[in-house]
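**Student:** First the structure, then my questions, so here it is.
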């Protein structure tokens, strides 16, 4: 079982122990530790895990003084450690005092194991049994006297002293003291009902009750909905000037001028703003999805489901709803297995010009704006969007209970940028989302999970000091939502919560403040699409010209011209004069092309340009070697003829595939007598220095026959020189023959004389 996950994760705000960390966490620590030793296969441990998690969330603010931990003894790697602490059964709860010595095995914590309140009280009792010097991380928990209170501000510089008056058997004062442990500028002390001097001085008649003692000597009673621990703690944490340790309270307006690009927008904290919802859509669909250039498989299914619930339940303006419905229809009709984000973006930008359909671009945070640019914003708007859609689903007949929740879960899993947040959401969904049976319970499920996230993130670096993470809705927004059990524990009236959610997130109460006019948005959309269309047309017109220029810059491949010349000959040879003229006029190439001896002038070109000139023109061919500076006029003329033949083949139609076996030579025609005049159809092409035709005649077929046989690998000039050399040498030999023969005759004649 080694390596298998236990019953807890770090997101449960429980310290996960292992043999490597157990000593550093439990021994010589400045805070007390309460550890559960359990076995992940134990049925009772599995049942108790929900209680331990709830307790961890309940005492999260107590962490500087006491923390919760757990170790899975079913893991073979932890077996020896569990045995070392004398663990014999599961679950076993042990309390380790602050600064426990080496060798300490902890004290058994015995109490009701299915009651969070009972466990919380037992932990307080164990903390008060600390025999040595009181740990500095733990606040004083003993009752205060009148003499201490009277002299309090002489030795302490805080803004408030909160006095919780209670009976001796009450834990409220100590619980509130620990709840406020992480907050600055306030101190909480417990005062018993038997402290007659303070009770009579303040006129206290109810126990428990809370009073605020100010530095100027004044006392005021803290107004709360119910005299209970959770209401006291919430009210004290919201007092002006009270802030969480490690978080400075910002000067709101100065901070906005210095750290944000836009002016602060005043808003009503008790209302939802459409600007936040539309901003969430823009960022989600245009920005977050852009990280997925190709969407396929499960991700594509998740996207379709998300767009579908948006099209059905988003209570937006008509033009936004039209756009969402058109995108939903488009995705539904597509049968492709993958989707390019660029195609989706075109639909979101309404390039198809669907009437009165637009999704505004950009973000305008109002109810979700933060005191700094990195606070709130997109996460806040997405939670608001999720709540709005679950509430809208409750008002739509025939809605499936899990339709919205499953779509939101799939979107978060596939696309939400914060991977840790997505993992936490998936963990919560796996717990009990499938227990949801109605749309109303779906809205309630999302609300409870949002509060769990608020509890986990309270005090984190991501928390905006001006907008602390609280259990929502607070008592001032929904007094009936809060109640207490018979034992004094806080409780939510879920019926009142559902009623509040349906009213708070109703489409009728969403404020349209800070939204841009629909007519203006549609006008801007038309202008933008017109500009984009014009830009694409310019790009389309420019692309052929760039291809032509690139074609002129690239010299022909070695050996490529010969093959293309043969293919051009198979297609009928050189095109007629009028076609050749049209081709030259359309390309406009030869008049502006530099001569071959201009290669030295290109040495000063950038390296990128030289590389482009050497790039193969056909994919798969090897790169050509750089040209030498030596100019061969005959080679240039040959290349010119080959290029002309290639153009002729292109104009004539598709080029036939070249066979590996040469075709038979055409039948040779009888050679005309030398003196015979050449006809117009048999005129020879002449060559000029510029490499152009001075005539547009075709070569004679009989000339092609023998010249093609002799010119394998040679130019026409090479063959001409060879013939001339052969003729000259023949004449020299003939002359030498005649000369020696004449000398021989003269010598014979002289010998014959008397």
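**Student:** Which part of the range 185-204 falls in the paramagnetic zone of residue 221, meaning amide N under 19 Å from the point 7 Å along Cα-to-beta-carbon?
**Tutor:** 189-204
**Student:** In whole percent, what relative contact order does the range 10-127 give with Cα contacts below 8 Å and a gap of six or more residues?
**Tutor:** Relative contact order here is 37 percent.
**Student:** Given the range 146-244, what percent of its DSSP beta bridges are antiparallel, to the nearest 5?
**Tutor:** 60
**Student:** I've got another one for you. Could you work out the percent of alpha carbon pairs in the range 314-450 separated by over 18 Å, rounded to a whole number? Intermediate results must be reported in sequence, preceding the final value.
**Tutor:** Working: 6097 of 9316 pairs.
Every Cα pair in the range 314-450 considered, those over 18 Å come to 65 percent.
**Student:** Could you work out how much longer the chain between residue 738 and residue 84 gets when fully extended? Use 0.36 nm per residue separation minus the Cα distance between them, nm to one decimal.
**Tutor:** Net length gain for the segment: 222.8 nm.
**Student:** Right, here's the next one. What span do the alpha-carbon atoms of the range 408-490 cover on each of the three principal axes, reported in whole Å from largest to smallest?
**Tutor:** Cα spread of the range 408-490 along its principal axes, largest to smallest: 42, 37, 22 Å.
**Student:** In what order do 493, 179 fall by count of nearby beta-carbon atoms within 10 Å, going from fewest to most?
**Tutor:** Values: 493 14, 179 22.
Fewest-to-most ranking of 493, 179: 493, 179.
**Student:** In which sequence would 351, 371 go, from the one with the fewest C-beta neighbours within 10 Å to the one with the most?
**Tutor:** Lowest count first: 351, 371.
**Student:** Along each principal axis of its Cα atoms, how long is the range 146-244 end to end? Whole angstroms, biggest number first, please.
**Tutor:** Computed over the Cα atoms, the extents are 32, 30, 20 Å.
**Student:** Set the Förster radius R0 to 35 Å, insert the Cβ-Cβ distance between residue 47 and residue 294 as r into 1/(1 + (r/R0)^6), and round the FRET efficiency to 0.05.
**Tutor:** 0.15
**Student:** When a/c reaches 1.5 or more, the comparison of a/b and b/c decides; with that in mind, is the range 26-86 rounded, prolate or oblate per its Cα gyration tensor?
**Tutor:** Oblate, since a/c reaches 1.5 and b/c is not below a/b.
**Student:** Apply the Kirkwood formula to the range 10-127: the hydrodynamic radius equals the inverse of the mean of 1/r over all pairs of different alpha-carbon atoms; give it in Å with one decimal.
**Tutor:** 14.2
**Student:** Separate question: Starting from 0.36 nm per residue, how many nanometres of slack lie between residue 105 and residue 27 once their C-alpha separation is accounted for?
**Tutor:** Full-extension gain reported as 27.1 nm.
**Student:** Round to a whole angstrom and tell me the spacing of the C-alpha centers of the range 19-57 and the range 191-220.
**Tutor:** So the two Cα centres are separated by 39 Å.
**Student:** Give the distance, in whole Å, between the Cα centre of the range 106-183 and the Cα centre of the range 359-377.
**Tutor:** One Cα centre to the other: 41 Å.
**Student:** I want the antiparallel fraction of DSSP beta bridges within the range 10-127, as a percent rounded to 5.
**Tutor:** 45
**Student:** Let me check against my output: what whole-number percent is the relative contact order of the range 146-244, with C-alpha pairs under 8 Å and at least 6 apart? Present the calculation step by step, with values, prior to reporting the outcome.
**Tutor:** Details: 150 pairs, mean separation 31.9, N = 99.
RCO, the range 146-244: 32 percent.
**Student:** State the volume of the convex hull built on the alpha-carbon positions of the range 87-182, expressed per residue in Å³ and rounded to an integer.
**Tutor:** On the way: hull volume 13.3 nm³, N = 96.
It is 139 Å³ per residue.
**Student:** If you stretched the chain out fully between residue 491 and residue 461, how much longer would it get, using 0.36 nm times the residue separation minus the C-alpha to C-alpha distance?
**Tutor:** Extra length available between residue 491 and residue 461 comes to 7.9 nm.
**Student:** Gap in Å between the Cα centre of the range 319-341 and the Cα centre of the range 262-301?
**Tutor:** Rounded to whole Å, the Cα centres lie 17 Å apart.
**Student:** Would you mind computing, in nm to one decimal, how far apart the modelled labels at residue 508 and residue 54 are, each placed 7 Å from Cα along Cα→Cβ?
**Tutor:** So the two model labels end up 3.6 nm from each other.
**Student:** Would you mind ranking 207, 234 so that the residue whose beta carbon has the fewest other beta carbons within 10 Å leads the list? Present the calculation step by step, with values, prior to reporting the outcome.
**Tutor:** Details: 207 16, 234 19.
Listed from fewest to most nearby Cβ atoms, that is 207, 234.
No lab work stands behind these numbers, since they all come straight from the coordinates. Since we're looking at a predicted model, the values are computed, not measured. Virtual Cβ from ideal backbone geometry, glycine too; neighbours counted across all protein chains shown.
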